[in-house]
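**Student:** My structure is below; once you've seen it, I'll send some questions.
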Amino acid sequence: MAKNPVKIMETVLRDGHQSLCATRMRYRHMEPMLESLDKIGYKALEAWGGATFDTCLRFLDEDPWERLDKLKAKLKTPIQMLLRGQNLLGYNHYSNDVVEKFVQHASKHGIGVFRIFDALNDVRNLKVAIKAALECPEKPEVQGCLVYTISPVHTNEKFVELAKELQEMGCHSVCIKDMSGLLAPYVADDLVKKLKAALDIPVELHTHCTSGFGHATYLKAIEAGVDIVDCALSPFSCDTSQPCTETIVAAFEGTDRDTGLDRQAMTPIAKHFLEVKKELIQEFGLKGYSM
């Protein structure tokens, strides 16, 4: 048994297909593999939030709330969602009462992990959503985000200050949200070490392979002690998506950070989603998307 297994949050049901297939996966594509996904042992399955709400309504003729109910009925693994703070799932600010009701409704319908972020790291746009999630009777995990970017003022020390503020606000965990794939491996090593030294809550890392850093960044972050990394099963990994689940699991087998997850059990799931990817690319004419 690994002394300190790194946990994996699987993104194939949300950010994986959002990044590679314009969020076009329907519930019927997910349903055949939900039982198998549930048995893997993921820390959570990201399956809601982000662009899924908009795409369900605009392109797929699905009710996003019905999808969430169906997912919850099939899954024991916590369902994670991405929430844009005061913007909820859009790009305009909503009033406090709307934010509170939305969070309460999402928790009631099955969201087990709220990942809450503000694009500009303005905590004023996080407070209402975080407080509402913390007060939900279902007791979901509430995760605050450090939205990573590069500039003269965005230093690792500043990100640590923000993380400490999120911890003081009651967040159960903190995520380094590197949505552009800009976090370089040795910078990640330094940032994770500083966060682990400053916080009493778990640290998660989310990145994309857009720049080519992805897998190397996860290697250094895991060596530095990050608790959780976000990965996507192979058909929906890499390129502008997350590092590959199977690759990360294989990379740490036999080490102190061994995930303990069964790669062989992932193979039929990956084969299913490869066929889903082919179908989506053909149906929607997703030019520029590769197999």
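The values are calculated or read from the model by the stated rules, or taken from the named source; none is laboratory data. In this text the structure is predicted, and so the values were computed from the model without any measurement. Heads up, the Cβs are rebuilt from the backbone with ideal geometry, glycines too, and the neighbour counts pull from every protein chain shown. Surface accessibility is based on the protein's heavy atoms, side chains included, excluding ligands, DNA and RNA. Shrake-Rupley method; radii C 1.70, N 1.55, O 1.52, S 1.80 Å.
**Student:** Indicate the gyration tensor shape class of the stretch 192-243 (rounded, prolate or oblate), computed on the Cα atoms with a ≥ b ≥ c the square roots of the eigenvalues: a/c under 1.5 is rounded; otherwise a/b larger than b/c is prolate and the rest oblate. The partial results should precede the final answer.
**Tutor:** On the way: a/c = 2.93, a/b = 2.16, b/c = 1.36.
Prolate.
**Student:** I've got another one for you. Which residue, chosen from VAL249, PHE53, ALA132, occupies the Cα position most advanced towards the positive end of the dipole of the chain, where the dipole is computed from +1 (Lys, Arg) and -1 (Asp, Glu) charges on Cβ about the Cα centre?
**Tutor:** Going by the charge dipole, the pick is PHE53.
**Student:** Rounded, prolate or oblate: pick one for the stretch 40-112, where a ≥ b ≥ c are the square roots of the eigenvalues of its C-alpha gyration tensor, a/c under 1.5 means rounded, and failing that, prolate if a/b is larger than b/c, else oblate. Write out the running numbers ahead of the final one.
**Tutor:** Numbers: a/c = 1.86, a/b = 1.41, b/c = 1.32.
Taking the square roots of the gyration eigenvalues as a ≥ b ≥ c, the stretch 40-112 is prolate.
**Student:** Sticking with this one: Of ILE228, TYR218, LEU166, which is farthest towards the positive pole of the stretch 134-240's charge dipole, taken about the Cα centre with +1 and -1 on the beta-carbons of Lys, Arg and Asp, Glu respectively?
**Tutor:** Value computed over the given set: TYR218.
**Student:** In addition: DSSP beta bridges in the chain, what fraction antiparallel, as a percent rounded to 5? Display every interim value, and only then the final one.
**Tutor:** Values: 0 of 32 bridges.
The answer is about 0 percent antiparallel.
**Student:** Compute the separation of the alpha-carbon centres of the stretch 212-291 and the stretch 24-49 and state it in Å as a whole number.
**Tutor:** Here the answer is 14 Å between Cα centres.
**Student:** In whole percent, and with a 1.4 Å probe on the protein chains, what portion of the accessible area of the chain is carbon and sulfur?
**Tutor:** Values: 6630 of 12560 Å².
Using a 1.4 Å probe with all protein chains present, the chain comes out at 53 percent carbon and sulfur.
**Student:** Provide the per residue accessible area, probe 1.4 Å, for the chain, rounded to a whole number of square angstrom. It would help to have the intermediate numbers written out before the result.
**Tutor:** Details: 12560 Å² over 291 residues.
Here the residues of the chain average 43 Å² of exposed surface.
**Student:** Going highest first, how would you order 31-39, 222-230, 164-172 by mean Cβ packing within 10 Å?
**Tutor:** On the way: 31-39: 15.0, 222-230: 22.6, 164-172: 16.9.
Those peptides, ordered most packed to least, come out 222-230, 164-172, 31-39.
**Student:** Using the crude model of +1 on Lys and Arg Cβ and -1 on Asp and Glu Cβ, and no other charge, please compute the dipole size for the stretch 192-291 relative to its Cα centre, in debye to 20.
**Tutor:** Working: 10 positive and 14 negative charges, 62 e Å.
The calculation lands at about 300 debye.
**Student:** Once a ≥ b ≥ c are taken as the square roots of the eigenvalues of the Cα gyration tensor of the stretch 59-151, is the result rounded (a/c under 1.5), prolate (a/b larger than b/c) or oblate (a/b not larger than b/c)?
**Tutor:** Working: a/c = 1.62, a/b = 1.52, b/c = 1.07.
Note, shape of the stretch 59-151 comes out prolate.
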